[in-house]
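Below is one structure, written out as structure tokens, with a few remarks after it.
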Amino acid sequence: MSDRTLDFKIAPSILSADFARLGQEVDDVLASGADIVHFDVMDNHYVPNLTIGPMVCEALRNHGVTAPIDAHLMVKPVDRLIGDFIDAGASYITFHPEASEHIDRSLQMIRDGGCKSGLVFNPATPLTFLDYVMDKVDMILLMSVNPGFGGQSFIPWTLGKLREARERIEASGRDIRLEIDGGVNIDNLRDIAQAGADTFVAGSAIFKAANEQDPHRYDSVIASMRRALAES
Ligand code: DX5
Ligand code: ZN
């Protein structure tokens, strides 16, 4: 196994979890081997769906979740919620550059609050938004579906964009995670890792695949994902 393989992180998107028992779902998926909790925030304005906000993030912390929480903000405006998610205990806060009038300032706010910062790129959003802020991002998140819903199909040409993002990270010499989000599953994981991703969001692929003997455990699917990653 290469060093890069050891550093792969699996980030289940709780968008596909059972919201009526969310705390237990997060405990279960972490106990099954997941690394990061991917927390999708949608506002029915920037994206056509409405999900969960900072109160739910805080509730997960109060429930005892200590794993990193990766708040993916699909909201406009962005800045007000950055403060709320810092207070709610988020670890990463990422936002879409089109949704902020002042990208540099929003990134700085996240870091000033002690969180890791990131920019999210829709399938058709160019990576040039990174040009002047590589020193202010800890995470680059590429969307491999148009944001708003779980369960969509992976857009294959995102693989080329991942390679381009990986080149930018290598050229910068900085410690920046490269995350992929949308339509990730056991079958396409190898290609995604080979294209340069190191952090893998998966919603439906994980939460719709509970263990046969125990519907509240996800060990089998997460182990299969790790095997696929080890082969990449
Ligand atoms: C989509 C969200 C994703 C979503 C992924 O807008 O950002 O995190 O939950 O779900 P799957 O893995 O089902 O495509
Ligand atoms: Zn997401």
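What to note about this one:
- Some residue of segment 191-199 being over 26 Å from N49 (Cα atoms) and of a type in the set (S, T, Y): no
- Some residue of segment 1-10 being modelled with pLDDT of 95 or more and among the small types (G, A, S): no
- Residue, surrounded by the most Cβ atoms within 10 Å (Cβ to Cβ), within segment 115-146, restricted to residues that are more than 27 Å from D87 (Cα to Cα), within 16 Å of ligand 1 (Cβ to nearest atom) and aliphatic (A, V, I, L, M): V145
- Members of segment 184-193 found to be buried (at least 18 other Cβ atoms within 10 Å of the Cβ) and either more than 23 Å from I14 (Cα to Cα) or more than 14 Å from ligand 2 (Cβ to nearest atom) (or both), listed by number: N185, N188, L189, I192, A193
- If the condition is being part of a helix (DSSP H, G or I) and more than 18 Å from the chain's Cα centre (by Cα), then segment 204-220 contributes D219, S220.
- Test for P68: is it surrounded by 15 or more Cβ atoms within 10 Å (Cβ to Cβ), closer than 18 Å to G114 by Cβ, modelled with pLDDT of 95 or more and out of contact with any helix residue (DSSP H, G or I) (no Cβ under 9 Å at 6 or more places or on another chain): yes
Residues checked against (1) more than 16 Å from ligand 2 (Cβ to nearest atom); (2) surrounded by fewer than 16 Cβ atoms within 10 Å (Cβ to Cβ); (3) in contact (Cβ under 8 Å) with a residue 40 or more places away in the chain:
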{"residue": "G160", "(1), (2), (3)": "yes, yes, no"}
{"residue": "R163", "(1), (2), (3)": "yes, yes, no"}
{"residue": "A195", "(1), (2), (3)": "yes, no, no"}
{"residue": "V201", "(1), (2), (3)": "no, no, yes"}
{"residue": "Y218", "(1), (2), (3)": "yes, no, yes"}
{"residue": "R226", "(1), (2), (3)": "yes, yes, yes"}
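- Selection status of D181, surrounded by 15 or more Cβ atoms within 10 Å (Cβ to Cβ), in contact (Cβ under 8 Å) with a residue 60 or more places away in the chain and not aliphatic (A, V, I, L, M): yes
- Scanning segment 18-39 for residues that are near ligand 1 (Cβ under 10 Å from one of its atoms) and in contact (Cβ under 8 Å) with a residue 60 or more places away in the chain yields a single hit, H38.
- Residues of segment 19-37 satisfying the condition of being outside any helix (DSSP H, G or I), in contact with a helix residue (DSSP H, G or I) (Cβ under 7 Å, 6 or more places away or on another chain) and within 16 Å of ligand 2 (Cβ to nearest atom): A34, V37
- In segment 59-107, the residues that are charged (D, E, K, R) and more than 17 Å from the chain's Cα centre (by Cα): R61, K76, D79, R80, D84, D87, E98, E101, D104, R105
- When F149 is tested against (1) modelled with pLDDT of 95 or more; (2) more than 16 Å from ligand 2 (Cβ to nearest atom); (3) over 13 Å from P12 (Cα atoms); (4) not β-branched (V, I, T), just one condition goes unmet, and that condition is (2).
- The set of residues in segment 38-55 being away from ligand 2 (no atom under 11 Å from the Cβ) and either of a type in the set (K, R) or crowded, with 16+ Cβ neighbours inside 10 Å (or both) consists of D43, Y46, I52, G53, P54.
The values are calculated or read from the model by the stated rules, or taken from the named source; none is laboratory data. All figures in this text were calculated on a predicted structure; none of them were measured in a lab. Neighbour counts are summed over all protein chains in view; Cβ atoms, including those assigned to glycine, are modelled from backbone coordinates with ideal geometry.
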